[in-house]
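The values are calculated or read from the model by the stated rules, or taken from the named source; none is laboratory data. Bear in mind that the values here come from a model prediction, so they are computed numbers and not experimental data. Here the Cβ positions follow ideal geometry from the backbone for every residue, glycine too, while neighbour counts run over all protein chains shown.
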Amino acid sequence: MPTKAPPHFSFTALDGTVLSLHDCRFDERQRRQRHHLPKDASCWDYSPLIDVICRDSGRHAHLFSGKSAAEWRADLERRKSPELHRFTQWYESLVAPVLAELGKRPRSPENLYSIELAWPPLTSSLPSLIRGLALKRASAEQWAATLRALASKGVKPEELDESGVLIRLETQLAGETLSQAQVVRLINLRHVTPKFVCESRFGFKTMAGWNECCQWVPAKDYKKRGLWGSKGDGSWYVIRYRHRALGWSIVRCRYADLFTRRSDWWWVLDERGKAFAQPMEGFDSPEDAIEYAEHKINQRFSSMGREHAVAKWERYSLPGNDGYREILIQLDDWPGSYKPRHYRTRNVLVHVRTGIRETDDGRRVLFLDEIQSDWHADLHAAAKDDPSSQNKVPPPDAPFRKDWPLLALKLMLWWSQAQKLDGVAWSTAELQSARWRSYGPPEALYRSALPDAARSISKTLNLELAQTSMTVRSNTRWVELADHGWVVRNRSGVPITKPFRHRGQAEVFADLTGTFVKVNVPVLWLADLPTIKAIPLYGVATEDFWLQPDSRSANMEEKRESRR
């Protein structure tokens, strides 16, 4: 009896593209799509979560095709491709043997995922440089030599290498001539073009908050509200908190009979003032009751749910920030897979903790509380054989080894302009040392890397690089998240009041009782800079490149040239 042939791990499409499957983005795709898997899932139930990858010509590394297996199959069906049946069989032959392993993955996605905040116009400067060359048509060898010479004109060698254009030119037939448009089409930098994201959750968020109050509930209302007791039996109910927008209430209860284990507890009343399904004897504290009420509100208004950014490290920001946000610069299409230390999102190249502050002269700036790259820090530690990195899986290689501070600052400059602010400012090495003390912040980043990047940008765009002063609360009062809420501590770390439920309340109290100091920070003023239309992926390019019309016009020009 013939045995079944083993599955081929690669699939060769009709155009010669070699395809494979990859599951490194499985969890991220499931969280983003909020994809629920059935208990007994088939091969194709998993297909929206498995990526189709292709091997780049002349390279060992793979590239993401941009499609899941489900999307690839749907595209073949739409085009009525003759390779649909062969692709279907190949996919099933690979996935069917591992269904048991896939079945161990969570059926429901965790409510934490990354969303794109915006789409910065990151563009490679290579195509525009090639279009500006006097060479219009030449052999592959001539084009390769010409492109290598661009390094002397400021093109980063890494950009040439990652674009794959040199390797693709080597695979061209000997003696074949190519036009500028054909060479430009050989450039592919999608895998090193980062996304501008933040971690989020989905749900209805009760933004209005709760008001403290003290309102007795009359005994005649007990029955219609679903409360226990009656007039004269010693029971009483007092509404102590009321939701500002939705009318839900947190009520303190006093009642005793033969069946109750305790006589004092907290209950939740809905917008009609009625008790509903909850623990029979309520909650131990108003905080627990409020948490339960917000959970029920979230469930009731789930159809009105929205994505809400998650702020994990706000307690480490300077006090007084408005619109605090943690921005992740993510290489989602990079073939490696790296898990950062501070976030759950895959392949975070840089994370920036930002807020909006007002300077002493009344101007509003995007303030960068911290810029950090876990990925490059781990690569640096691995290269130095740091003992702390021993017995760990070495991180995959990452692009922008030397240029990630410049990349982050370029994106933040564009983001500050998009937010209609006057400039972008950032923390200093002194502020970082005061915050982290013995933990050893990366002083070289704030003393040299960021200033050098700012000088390059200011010189290219004719922006003013200066110092500005801001008034911030001193360390006589600092706010920290503790077990029971936000605590205000003095210089010695001793709490000076009971915990607050919200950070905003704690910050107001700290401002009222603390002292303030002025700090000087570097800033890039936008002044009357026209709208930024393109951000160079590598380096700083020229002012004309930043302010050019968007890349769609350039793409149209390429198409017209290719038709000639």
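The set of residues in region 76-95 being exposed (fewer than 14 other Cβ atoms within 10 Å of the Cβ) and within 16 Å of residue 21 (Cβ to Cβ) consists of 89 alone.
How many residues are surrounded by 14 or more Cβ atoms within 10 Å (Cβ to Cβ) and either in a helix (DSSP H, G or I) or aliphatic (A, V, I, L, M) (or both) if we restrict to region 483-495? Within region 483-495, residues that are surrounded by 14 or more Cβ atoms within 10 Å (Cβ to Cβ) and either in a helix (DSSP H, G or I) or aliphatic (A, V, I, L, M) (or both) number 2.
For residue 360, the requirement of being exposed (fewer than 14 other Cβ atoms within 10 Å of the Cβ) and more than 20 Å from residue 113 (Cβ to Cβ) is met. Restricting attention to region 161-178, the residues being touching a helix residue (DSSP H, G or I) at 6+ places or on another chain (Cβ under 7 Å) and either crowded, with 19+ Cβ neighbours inside 10 Å or not in a helix (DSSP H, G or I) (or both) number 7.
On inspection, residue 325 fails the criterion of being more than 30 Å from residue 527 (Cβ to Cβ) and of a type outside the set (Ser, Thr, Tyr).
Matching residues to (1) surrounded by fewer than 19 Cβ atoms within 10 Å (Cβ to Cβ); (2) modelled with pLDDT under 90; (3) assigned by TED's automatic domain parsing to the domain that holds residue 292:
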residue: 230; (1), (2), (3): yes, yes, yes
residue: 240; (1), (2), (3): yes, no, yes
residue: 247; (1), (2), (3): yes, yes, yes
residue: 260; (1), (2), (3): yes, yes, yes
residue: 265; (1), (2), (3): no, yes, yes
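The set of residues in region 179-203 that are under 20 Å from residue 414 (Cα atoms) and part of a loop (DSSP other than H, G, I, E, B) comprises 193, 194.
Regarding region 300-322, can at least one residue be identified that is assigned to a strand (DSSP E or B), closer than 25 Å to residue 419 by Cα, under 25 Å from the mean Cα position of the chain (by Cα) and free of Cβ contacts under 8 Å to residues at least 60 places away in the same chain?
yes
Cβ-Cβ distances below 9 Å connect the following pairs, each with a first residue in region 417-436 that is within 14 Å of residue 365 (Cβ to Cβ), a second residue that is among the basic types (Lys, Arg) and buried (at least 20 other Cβ atoms within 10 Å of the Cβ), and a separation of six or more residues or different chains: 425/357.
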